[in-house]
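Structure first, commentary second.
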Amino acid sequence: MTSVADLMAYDEVLDRFDPVLGLEVHTELNTQTKMFCGCTTTFGAEQNTQTCPICLGLPGALPVVNAVGIESAIRIGLALNCEIAQWCRFARKNYFYPDMPKNFQTSQYDEPIAFNGWLDVLLDDGSVFRVEIERAHMEEDTGKSLHVGGSAGRIHGAEYSLLDYNRAGVPLIEIVTKPITGTGERAPEVARAYVSALRDLLRALNVSDVRMDQGSLRCDANVSLMTKDATEFGTRTETKNVNSLRSVERAVRFEMCRQGAILATGGSILQETRHYEEVSQSTRSGRIKETAEDYRYFPEPDLVPIAPSREWVEQLRATLPELPWERNNRLKADWNLSDEEFRDLVNAGALELIVATVDAGAPADEARSWWVAYLTQQANTRGVELAELPITPARLARVIVLIAEGKLTTTLARQVVDGVLAGEGEPDEIIAARGLAVVSDDSALLAAVDEALAEQPDIAEKIRSGKVAAAGAIVGAVMKKTKGQADAKRVRELILERCAEQ
Amino acid sequence: MSLPTPSGGSASEGRAISRGDVAHLAKLARLAVTEDELDLFAGQLDVILQSVATVGEVAADDIPPTSHAVPLTNVFREDVVRPCLTQEQALSGAPAAEDGRFRVPRILGEEQ
Ligand SMILES: [Zn+2]
């Protein structure tokens with residue numbers, strides 16, 4: 001356990017060292033079946049009900065590659081601006097650990113399907129940081145271990161382990177960055193922004209559920225420090241078990257401070273795997289890392305090589321959807337927003353909500369204004385994220401349409417939205433139940449206008465003598481009498497008509 | 001297949017595999033090999049590797065290394081679910097099982 005005393009202050013770390021990051025992201029593909037067999041991949045099934053002789057590694061069973069797994073891998077590679085291998089093979093990664101019943105993991109070694117790419121990530125201040133991609137390769141997920149005895153499911157002190165192989169063989173793509181340098185103080189932010197951008201990208205490609213909480217997107221963060229005058233990278237640690245975007249940021253920051261303290265006292269960093277602990281927001285030592293050759297990789301003899309034709313690659317390129325950053329640029333232009341205005345929307349978590357509201361039939365201006373003004377206020381008051389407010393984009397869109405049709409005023413619309421937030425149902429039901437429809441009956445409005453004019457004869461006189469601006473006070477009075485249920489523009493017209501008649 | 005780089009031991013000139021390599025491989029394979037056996041196996045493995053190496057002598061520069069004897073590429077299957085084993089079937093060959101899971105001895109010092 002690392003105590004606070006063993007950590008260097010973040011500013012001091014930056015004064016003395018440059019951080020270097022390497023991020024490895026594993027994403028489970030959302031294929032119907034596993035990578036090398038026809039077992040289903042549904043999450044959360046009863047243990048060991050999704051296996052077959054192939055993924056259990058029984059003698060004589062032979063794997064066959066899932067075509068959609070390969071397609072997804074190539075599409076991910078293309079979206080990451082990678083080159084796609086003309087020819088590549090799977091390899092066996094040999095190790096002794098019971099999470100793979102075969103005693104090896106089918107992976108790719110020195111022939112990844114995709115390599116040499118990049119991903120531009122947007123930082124909080126709107127600047128763009130380019131992360132270079134080393135490779136994206138195909139492999140299979142492992143089973144899940146449960147350690148019995150010992151403390152909190154950890155191996156230490158465990159008496160035995162129990163294995164569930166439902167997940168063993170689920171297709172995984174591992175995406176590895178080149179060393180990320182030059183981030184300075186923004187290293188933790190870059191790490192988070194990269195994983196976030198990658199998540200958005202994979203979601204847009206519809207190749208993965210990208211649920212960090214369910215493990216379908218996992219990040220291992222390699223962190224090392226270089227002294228300012230160093231020409232070579234320092235020894236790195238690899239932190240695993242980083243299960244949220246916030247944890248990615250915290251884990252990198254923690255490792256920087258931990259390593260800084262060790263290096264400052266003349267110590268050296270152990271090349272090891274560390275585990276991120278959500279509760280203490282720190283990392284703890286795992287195992288000393290075996291070097292690559294210890295896995296004794298060799299070409300998988302049971303799977304023939306993959307040679308994607310250039311025609312096929314181009315066909316797959318044509319299936320790439322509008323990528324998140326392209327979409328953002330388009331929306332920014334369509335909505336006529338500045339970079340800063342657009343970034344505020346993104347940071348407020350309003351972007352997808354506005355898009356959904358527009359899709360449900362509302363004009364973009366109105367949709368944006370509701371989400372960033374009134375609903376942001378409501379979210380702040382309740383201390384929740386915008387997306388957690390109990391109002392759907394469809395219901396908000398309905399309210400906006402009713403305003404456009406003249407059936408609600410802005411004041412009434414807010415009451416309807418309040419009703420939706422209070423769980424009173426659909427906007428139309430709330431209007432009926434609360435009696436919030438606009439009073440569009442001129443005779444009812446005229447009665448209220450006459451009443452207001454009679455109550456304030458001096459103002460009425462001003463209007464009659466041509467001081468039209470004075471009408472505002474009467475409009476206000478009428479709105480009060482009709483409890484906001486009148487269209488202010490119509491009320492004004494009626495006041496002016498009335499005064500001209502008399 | 002790539003062999004580990006020689007890592008010390010009593011490798012003599014011209015040997016394909018050293019005593020240190022054998023010790024390293026034995027450790028990776030979780031085999032308890034005695035000091036005497038290291039000498040014995042290093043010698044035997046060396047003979048095997050030297051014999052296999054003669055194959056390399058006939059390989060010309062224009063012949064790429066072959067990992068697969070069959071000239072096939074791109075053998076894929078449709079992403080269609082097939083029936084799985086039941087839990088009972090899956091566990092039927094396991095030496096030990098508990099709570100629907102395979103039970104294995106505790107694992108020392110190798111948390112993944
Ligand atoms: Zn299977």
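The values are calculated or read from the model by the stated rules, or taken from the named source; none is laboratory data. Only a predicted model underlies this, so the values are computations on that prediction, with no experimental measurement involved. Please note: Cβ atoms are built from the backbone with ideal geometry, for glycine as well, and neighbour counts cover all protein chains shown.
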Just give me the residues in segment B:64-94 being of a type outside the set (A, V, I, L, M, F, W, C) and modelled with pLDDT under 90, in sequence order. B:Pro64, B:Pro65, B:Thr66, B:Ser67, B:His68, B:Pro71
Name every residue in segment A:457-502 that is at negative phi and either in contact (Cβ under 8 Å) with a residue 60 or more places away in the chain or assigned to a loop (DSSP other than H, G, I, E, B) (or both), in order of residue number. A:Ser465, A:Lys467, A:Met479, A:Thr482, A:Gln485, A:Ala486, A:Asp487, A:Ala488, A:Gln502
Looking at segment A:311-334, can you tell me whether even one residue there is outside the structural domain of A:Phe90 (by TED's automatic domain parsing) and at positive phi? no
Those residues of segment A:37-54 which are facing chain B (nearest Cβ under 9 Å) and closer than 30 Å to A:Glu134 by Cβ, in sequence order: A:Cys37, A:Thr41
Picked from segment A:93-110 (must be within 34 Å of the chain's Cα centre (by Cα), part of a loop (DSSP other than H, G, I, E, B) and charged (D, E, K, R)), the residue farthest from the other protein chains (Cβ to nearest Cβ) is A:Asp110
Could you tell me whether any residue of segment A:112-129 is within 16 Å of the ligand (Cβ to nearest atom), loosely packed, with under 15 Cβ neighbours inside 10 Å and away from chain B (no Cβ under 12 Å)? no
For segment A:106-138, give me each residue that is under 26 Å from A:Val65 (Cβ atoms) and of a type in the set (Asp, Glu). A:Asp110, A:Glu111, A:Glu134
Options A:Ala251, A:Ala307; residue that is at pLDDT 95 or above, aliphatic (A, V, I, L, M), assigned by TED's automatic domain parsing to the domain that holds A:Ile113 and within 20 Å of A:Glu189 (Cα to Cα): A:Ala251
Please go through segment A:236-270 and pick out each residue that is assigned to a loop (DSSP other than H, G, I, E, B) and under 31 Å from the mean Cα position of the chain (by Cα). A:Arg236, A:Asn243, A:Ser244
May I ask you to list the residues in segment A:10-53 that are aliphatic (A, V, I, L, M), surrounded by 21 or more Cβ atoms within 10 Å (Cβ to Cβ) and touching a Gly at 6+ places or on another chain (Cβ under 9 Å)? A:Val13, A:Leu29, A:Met35
Out of A:Val13, A:Val20, A:Val25, A:Val68, sole residue that is in a helix (DSSP H, G or I), aliphatic (A, V, I, L, M) and more than 16 Å from the ligand (Cβ to nearest atom): A:Val13
Those residues of segment B:56-84 that are within 9 Å of chain A (Cβ to nearest Cβ) and over 28 Å from the mean Cα position of the chain (by Cα) come to a total of 7
Taking segment A:55-65 and keeping residues part of a loop (DSSP other than H, G, I, E, B), surrounded by fewer than 23 Cβ atoms within 10 Å (Cβ to Cβ) and at the interface with chain B (Cβ under 7 Å from one of its Cβ atoms) leaves A:Val64
List the number of the failed condition for A:Glu293; all other conditions in (1) in the same structural domain as A:Arg258 (by TED's automatic domain parsing); (2) modelled with pLDDT of 85 or more hold. (2)
Counting only residues that are polar (S, T, N, Q) and either closer than 14 Å to A:Ala307 by Cβ or touching a residue at least 60 places away in the same chain (Cβ under 8 Å) (or both), which one in segment B:69-88 is nearest to the ligand (Cβ to nearest atom)? B:Asn74
